[in-house]
Structure formats: C-alpha cells, structure tokens
Amino acid sequence: MAMCVFTTVNMKNHHVPDSGAKTRGSKYTGQSVKPLPIHILTVGKTRSPGVQLIVKDYMEKLKLYCPVHDLRIRSNPKNSIDRRVQIENEEMGFMNFIKQDDWVVMLDENGKDLKSEEMADLIGDAGSCSRVVFCIGGAYGHGMKLRERANVKVKLSSLVLNHEIALVVLVEQLYRAWTILKGQNYHH
C-alpha cells in the first residue's frame, strides 16, 4: 500500500505569523499546484435548501480548479441515545471512506486556527497524496480513531459552528484558497 509522503513541516509545528505580519499570499502562489481531488465528508441527513444552494454554488466554482465531492455520513446510524455510541458509529462511516494515502483534515473546534493563505498552503502541502479529505463531524464531534488518523486538525472559527454552517464556511474557504494559489483577485 502506498503511503503519502509529506514534503513540508507537520502543521502541528507550523509557524503561524502574528496578526501584524503582512502575508498576502501563499508560499505556493504562482506555482503549479497539483489539483488533488477534494472530498468533503459531513455528518447529517438532509440540508436546508439555503445551505444546499450556497454549497452547490461554491462546489461548481471549485470544480474549475480541482475535482470536488460532497459526501454525507449518516448521523447517529443506530439511533442511540448514548453519545459515545453515536460518535463511534459516525466515525466508522468516516474511517470506511478514508484511504491510507489520503491527506485527512479534521475540522475541530480545538484545531489550528488558519488564515486563508494558510488554507492555501495546506492544499499545496498535500501535493504528494492521492486526495484531500475534509471531515466535518456531528453534534458530539469526532472519535479517537479519526483524531489519530487526521494529518491536520483545523478550526474554521473560534465560535462553535453547526455542521451545515461549517460546510458553507469550508467550501468558501477552499474556493478562496484556490484563487490565492492561482494569484486571482477573489482574495484581496
């Protein structure tokens, strides 16, 4: 089985510039970045029509840069009232999808706080993998297996976001990241 080789520093040790630093681009801006397939896994059943409309719009924009797929993991598949059982069963859905050579980004309220340029760097850093998989958990978060498997843990906001809002923020930031990588004017 192929292992994904990472050519940059681990994000846990990655230096984040202070907020006063002037970082206008990614370290990959203007370079050729491999358009890896992006898979976004979210826990949930049906989405509100407004959220689905926004997600669809950004997914279409993202497809200009790379293949992108939106997949849902069934929330609480065994209808358990025990939150540990719920987390374990949702986690099984994530783990069944993830391959050994995937670059796995787990969205977590305790993850690394990234600027948009650093999100672009994260995409560039995954270049030797087969695909990038973003995991958005359910109401009780992610299980230990996924936490251990994740290459990077990222938070989208200091606020806690429900999974639908997190998905909207994520797809917009992925689109923004690709425009940063391509040196386009979406990100000012």
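The values are calculated or read from the model by the stated rules, or taken from the named source; none is laboratory data. Please read these numbers as outputs of a predicted model, since none were measured by experiment. Counting neighbours? That spans all protein chains shown, and the Cβs are built from the backbone with ideal geometry, glycine included. For accessibility, only protein heavy atoms count, side chains too; no ligands or nucleic acids. Shrake-Rupley method; radii C 1.70, N 1.55, O 1.52, S 1.80 Å.
Of all the numbered requirements in (1) under 17 Å from the mean Cα position of the chain (by Cα); (2) open to solvent by less than 40 Å² (accessible area, probe 1.4 Å); (3) free of Cβ contacts under 8 Å to residues at least 12 places away in the same chain, LYS63 misses one, and that requirement is (2). When GLY127 is tested against (1) under 18 Å from TYR65 (Cα atoms); (2) in a loop (DSSP other than H, G, I, E, B); (3) in contact with a strand residue (DSSP E or B) (Cβ under 7 Å, 6 or more places away or on another chain), only condition (3) is not met. When GLY111 is tested against (1) under 22 Å from LYS61 (Cβ atoms); (2) in contact (Cβ under 8 Å) with a residue 40 or more places away in the chain; (3) not in a helix (DSSP H, G or I), just one condition goes unmet, and that condition is (1).
Filtered by the rule that a residue be more than 12 Å from GLN31 (Cα to Cα) and of a type outside the set (D, E, K, R), the stretch 169-178 gives VAL169, LEU170, VAL171, GLN173, LEU174, TYR175, ALA177. Any residue in the stretch 76-98 that is under 18 Å from HIS163 (Cβ atoms) sitting within a Cβ distance under 6 Å of a residue that is open to solvent by less than 100 Å² (accessible area, probe 1.4 Å) and in a loop (DSSP other than H, G, I, E, B)? List the pairs, counting only those 6 or more apart or interchain. Between residues of the stretch 76-98 that are under 18 Å from HIS163 (Cβ atoms) and residues that are open to solvent by less than 100 Å² (accessible area, probe 1.4 Å) and in a loop (DSSP other than H, G, I, E, B), the close pairs are GLN86/ASN76; GLN86/SER80; ILE87/GLY143; GLU88/GLY143; ASN89/PRO77; GLU91/GLY143. For ASP125, state whether it is open to solvent by less than 20 Å² (accessible area, probe 1.4 Å) and modelled with pLDDT of 95 or more. Judged against the criteria, ASP125 is not a match. Step by step: first the residues of the stretch 148-166, then only those that are among the charged types (D, E, K, R), open to solvent by less than 60 Å² (accessible area, probe 1.4 Å) and in a helix (DSSP H, G or I), then the one that is nearest to PRO37 (Cα to Cα). Which residue is that? The selected residue is ARG149. Just name the residue that is farthest from the chain's Cα centre (by Cα) out of those in the stretch 137-150 that are among the aliphatic types (A, V, I, L, M) and under 21 Å from ASP101 (Cβ atoms). For the stretch 137-150, the residue satisfying everything is LEU146.
Between ILE54, ILE40, ILE81, ILE98, the distinction of being at pLDDT 95 or above, open to solvent by 60 Å² or more (accessible area, probe 1.4 Å) and either more than 17 Å from PHE134 (Cβ to Cβ) or touching a helix residue (DSSP H, G or I) at 6+ places or on another chain (Cβ under 9 Å) (or both) belongs to ILE54 only. Considering only residues that are within 13 Å of the chain's Cα centre (by Cα) and surrounded by 14 or more Cβ atoms within 10 Å (Cβ to Cβ), which ones fall in the stretch 110-122? Residues satisfying the conditions are GLY111, LYS112, LEU114, SER116, GLU118, MET119, ALA120, ASP121, LEU122. Of the numbered criteria (1) buried (at least 22 other Cβ atoms within 10 Å of the Cβ); (2) not in a strand (DSSP E or B); (3) not hydroxyl-bearing (Ser, Thr, Tyr), the one GLY183 fails is (1). Among the residues of the stretch 130-144, those identified as in contact with an Asp or Glu (Cβ under 6 Å, 6 or more places away or on another chain) and either surrounded by fewer than 19 Cβ atoms within 10 Å (Cβ to Cβ) or part of a loop (DSSP other than H, G, I, E, B) (or both) are SER130, GLY143. In the condition set (1) loosely packed, with under 13 Cβ neighbours inside 10 Å; (2) in contact with a Lys or Arg (Cβ under 9 Å, 6 or more places away or on another chain); (3) at pLDDT 90 or above, LEU71 is compliant with all but (2).
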